[in-house]
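Okay, structure first, notes after.
Nothing in this text is a laboratory measurement; each read-out follows from the coordinates by a stated rule. A quick note: this is a predicted structure, and the numbers were derived from the prediction, not measured. Note: ideal-geometry Cβ built from the backbone for every residue, glycine included; neighbour counts use all protein chains shown.
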Amino acid sequence: MNYKKIGVIGGGTMGQGISEMLAAKGLDVLLVEETTEKLNHAYSMIETSLDKQLEKWAITKAEKKLILSRIHKVTHFAELGTCDMVIESISEDLDAKKEVFKQLDQVCPSNIILASNTSTLSLTEIAGGTIYPERVIGMHFIYPVAKINLVEIIRGLKTSETTFEETKRFVEEVVEKRGVMVYESPGFVTSRIICVMINEALHVLGEGVASAEEIDEAMRVGYQFQYGPLEMADRFGLDSVLAALERMFREFGELKYRPSFVLKKMVRAGHLGVKTGEGFFKYDKDGDRL
């Protein structure tokens, strides 16, 4: 298939990143959100991201204008019927995702691949309520989408070989990222490993072994991480990290996945990281650390 137009459902941090990355690759993007307000916010955040690149001379004003012109704001699923592929990137809520895929079944031709950017949920379950489960696949991008050249491609039980091969071609040839094939398992590879590392950093913090600043500095400098584990958690969203750990704890039943009390306390306090301006560190409205 010749990919020209991609639907992206969900204008959160990941949806924004995916939309910007696809538009920068020359694809038209139909970005879908529930309300006009959410759509406008997502669009303005993409514009802010491009402005930061402009300041660093990474792109020109003409390139910024071109990228934004390729992102089209949409509030109705019906418009996605013209897309060559649809990528769902809403919050990690199984029932909500299943409802999205049921609606996509009604508007997208049967040969169109429906992908989910889920980081922990079962693709088999997401596809369960659809008429064509063979065309449903996982395409897990990693934050920050533009900078991380890896995508986990996750097969559900009924995902067809054609769907997998076509998705791999899209990832490697169209968006030019490295595709890693993963069999369905809670957390897949990256989320499973990174969440355990974040959880251990939280235990170290809770035990008073070192401060948040020192823990992150040790891992960032010592092991060449772009962000330390606690800033990483802030950027993922502490509520998202908590939900992922709780899901893996339920599925595996192993203590290493049991969320740290520090994490639960932060989420209860509403300190969710970058999205609220405060987590283990403080951030400005553009997501930069203060």
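Scaling against 2.2 N^0.38 Å puts the C-alpha radius of gyration of the range 203-290 at 1.09. Computed from Cα atoms, the angle from the helix 36-55 axis to the main principal axis of the chain rounds to 70 degrees.
Amide H contacts for VAL8 (H built 1.01 Å from N in the peptide plane; partners 5 or more residues away or on another chain; cut-off under 5 Å): LEU30, LEU31, VAL32, ILE87. Looking at the range 5-183, send over the antiparallel percent of its DSSP beta bridges, to the nearest 5. So the antiparallel bridges amount to about 15 percent of the total.
Scoring 51-64, 13-26 by mean Cβ neighbours within 10 Å over their residues and listing the highest first yields 13-26, 51-64. Where Rh is the Kirkwood radius over the Cα pairs of the chain, the temperature 4 °C and the viscosity 1.567 mPa s, what D in µm²/s does Stokes-Einstein return? After rounding, the answer is 66 µm²/s.
Structure shown: which of LYS97/LYS282; LYS38/LYS73; LYS38/LYS97; LYS4/LYS65; LYS73/LYS147; LYS4/LYS25 lie over 21 Å apart, alpha-carbon to alpha-carbon? Too far apart for the 21 Å limit: LYS97/LYS282; LYS73/LYS147. Provide Rg over Rh for the range 1-73; use the alpha carbon set for both Rg and the Kirkwood Rh (inverse mean inverse pair distance). Rounded to two decimals, Rg over Rh is 0.96. Overall, the chain carries a charge dipole of about 240 debye about its Cα centre when +1 sits on the Cβ of Lys and Arg and -1 on the Cβ of Asp and Glu, all other atoms neutral. When the charge dipole of the chain is built from unit charges on Cβ atoms (+1 for Lys and Arg, -1 for Asp and Glu) and taken about the Cα centre, the candidate among MET266, SER91, LEU205 whose Cα reaches farthest toward its positive end is SER91.
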